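A short write-up of the structure that comes next.
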Amino acid sequence: MTSKNLATEALRNLHFNVSYYASTNIKEIELYDKSPIKVEVDPDFPQMEMGEITLTALDEDEFILSKEESGFFDFLKAKADGPVDDAILNRRFRFGETVESGQSRFVVNKVKGMRDGDQLSFVIHNPISVIDDYSRSILVRPINSYGTVLQVSMTTKVVEKGRDYVNALMDSYIEYNLKEKNQMTENTLRFLDEQLNIVEDSLKFVERKMLNFKVKNKLMDVSSEFGGVLGNIQNLEDQIQKIDFELQYYQALQRYLVEKGKDYSDILAPSLVGISDGLLNGLVSKLVDVSLERRKMLAVVNETHPNVKELDEQITKLRENIFENIDNLVINTTDRKAQAKAKLDSEDQIFATLPQAESDFMALNREFKLRENLYNYLLEKRAEAGIARASNISDNSVLDYARRGNLIFPKKAQNYGLAFGLGFIIPLVLLLLYHYLNNKIVDQIQLKNVLRIPLLGTIGFSTKDTNMLVAEHPKSMVAESFRSLRSALFYISSEKKMQKDTGHFFCFRGRKDVCKY
């Protein structure tokens, strides 16, 4: 699931090699399928991987390409900057026209309507980089430790884009699994098609010869007197033809095992071509299974891995057993062919006693029947292989396609909670530190607690440039403080006799200058 080969198949039908962006007041957002344009890049052209290109619509049919100048807030962009092909900049193009230079070739198609002056930007990516990024972004894990259900997920900035890729990846995996199962059938069909083309040509050639012979010798039918002899000859020739077909398969299988390295997943199964030897079928089937397992393992590990070496040893042993089995089958098949040929020679001697014209016609007819039977046999095997391919289903299935994702960053609830907590805790901590670290007297309550004597009044600090404050500024707050202090002194002196030194006058300088008598 995380291999680059499967990512390539998944991305083949997705338009991920071009990203589209629109600017907002805060940041740039990726448009994906909401883009009003679609850039079709020529896959056969050595395309330059470019950075941001800004497209400005001039009217309904034309646009101009430009490069956005770097700014102070470029770190807020949703994409990386990169080189741009200067040859295509500041030129007028039409929608649907090929934009081409020595480093780039693409076509800008308009999907939705654009007004004059509308702007958006796009980035052309390197296909190899896209494959690498998406193959690494996939996370596959089992739902539980005892089941066979896997969960496929990925982290993406655009939910729709991630959803489409995950779904395409799962479909590609199903197709890959089905393709692996049909590999032997496909090889069989290809082999049978090649043989059918050869036999069909020879069948048509013999058919024309028979027609010409009938016209030339004015023959309408062949005497039924020699029908039994001709039938025996045809049966023997059919038998020899099938034996030759088996020998051709054994030779092709030997060449395949010699030419191939260690990947035998494309081998042609004997049972699919009508060879019913149980031992050979079992060995070839086992070789294909081990080879497929080795191929899947190489998608995630290298050839030096112990498990891969163990599979290589199994493949080597299976190859030796198959070679030994083929040698025995070739010997037995050759003996069968020799016996059939001996019987055919005997029938040919009887056939030689026929009249010349009928003998020549029967020879042609015999050759025609031989080709026809072989052709029908190949058609039958091809139909069986086609039915086997059509009836195959994948061993895996998709239980639930990706529909939508969950926001994982930024975590809004966590961020709001953190902001509220810090906004409440930090001021509280600062206030507590200020309260416990401040050693100044700032109010009357602190002054009473420190001196533990009655407080008659307070006089604030005066900014006037005179000491005769009461006389010169009788309505000021400081003058009023003196009158309040005098009233308090008179109130106390009315109860007991005043003494000359009955109190003290204190002044404290802090946030306010506080004086006490």
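Computed values, structure above
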{"read-out": "Residue that is outside any helix (DSSP H, G or I) and in contact with a helix residue (DSSP H, G or I) (Cβ under 9 Å, 6 or more places away or on another chain), where the choices are Val301, Val284, Val308", "value": "Val301"}
{"read-out": "Strands (runs of 3 or more DSSP E) contained in the range 102-153 and holding at least 3 residues closer than 30 Å to Ile64 by Cα and modelled with pLDDT of 85 or more", "value": "105-110, 119-124"}
{"read-out": "Count of the range 432-442 residues which are open to solvent by 70 Å² or more (accessible area, probe 1.4 Å) and either within 43 Å of the chain's Cα centre (by Cα) or touching a residue at least 40 places away in the same chain (Cβ under 8 Å) (or both)", "value": "1"}
{"read-out": "Any hit, the range 270-280, residues being assigned to a helix (DSSP H, G or I), modelled with pLDDT of 80 or more and buried (at least 20 other Cβ atoms within 10 Å of the Cβ)", "value": "yes"}
{"read-out": "Among residues of the range 274-302, those that are in contact with a Lys or Arg (Cβ under 8 Å, 6 or more places away or on another chain) and farther than 18 Å from Gln314 by Cβ, counted", "value": "1"}
{"read-out": "Identity of the residue in the range 281-323, under 26 Å from the mean Cα position of the chain (by Cα) and in contact (Cβ under 8 Å) with a residue 40 or more places away in the chain, that ends up surrounded by the most Cβ atoms within 10 Å (Cβ to Cβ)", "value": "Leu292"}
{"read-out": "Residue in the range 144-176 that is least open to solvent (accessible area, probe 1.4 Å), counting only those that are in contact with a strand residue (DSSP E or B) (Cβ under 9 Å, 6 or more places away or on another chain), more than 18 Å from Glu30 (Cα to Cα) and of a type in the set (Val, Ile, Thr)", "value": "Val166"}
{"read-out": "Hits in the range 385-431 - residues which are of a type in the set (A, V, I, L, M), open to solvent by 90 Å² or more (accessible area, probe 1.4 Å) and either closer than 30 Å to Ile275 by Cα or in a loop (DSSP other than H, G, I, E, B) (or both)", "value": "Ile387, Ile393, Leu399, Leu407, Ile408"}
{"read-out": "Condition broken by Tyr434, with the remaining ones in (1) closer than 30 Å to Gly162 by Cβ; (2) in a helix (DSSP H, G or I); (3) aromatic (Phe, Trp, Tyr) satisfied", "value": "(1)"}
{"read-out": "Hits in the range 143-169 - residues which are free of Cβ contacts under 8 Å to residues at least 60 places away in the same chain and β-branched (Val, Ile, Thr)", "value": "Ile143, Thr148"}
{"read-out": "Hits in the range 99-142 (condition: over 29 Å from the mean Cα position of the chain (by Cα) and without any contact (Cβ under 8 Å) to a residue 24 or more places away in the chain)", "value": "Glu100, Ser101, Gly102"}
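Residues checked against (1) touching a strand residue (DSSP E or B) at 6+ places or on another chain (Cβ under 7 Å); (2) of a type outside the set (D, E, K, R); (3) surrounded by 12 or more Cβ atoms within 10 Å (Cβ to Cβ):
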{"site": "Asp85", "(1), (2), (3)": "no, no, yes"}
{"site": "Asn90", "(1), (2), (3)": "yes, yes, no"}
{"site": "Phe93", "(1), (2), (3)": "yes, yes, yes"}
{"site": "Val99", "(1), (2), (3)": "yes, yes, yes"}
{"site": "Met114", "(1), (2), (3)": "yes, yes, yes"}
{"site": "Ser121", "(1), (2), (3)": "yes, yes, yes"}
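The values are calculated or read from the model by the stated rules, or taken from the named source; none is laboratory data. Predicted model, so just to flag it, every value in this text is computed and none were measured. Positions of Cβ are backbone-derived with ideal geometry, glycine not excepted, and every protein chain shown enters the neighbour counts. In case anyone asks, the SASA skips ligands and DNA or RNA and just uses the protein heavy atoms, side chains included. Shrake-Rupley method; radii C 1.70, N 1.55, O 1.52, S 1.80 Å.
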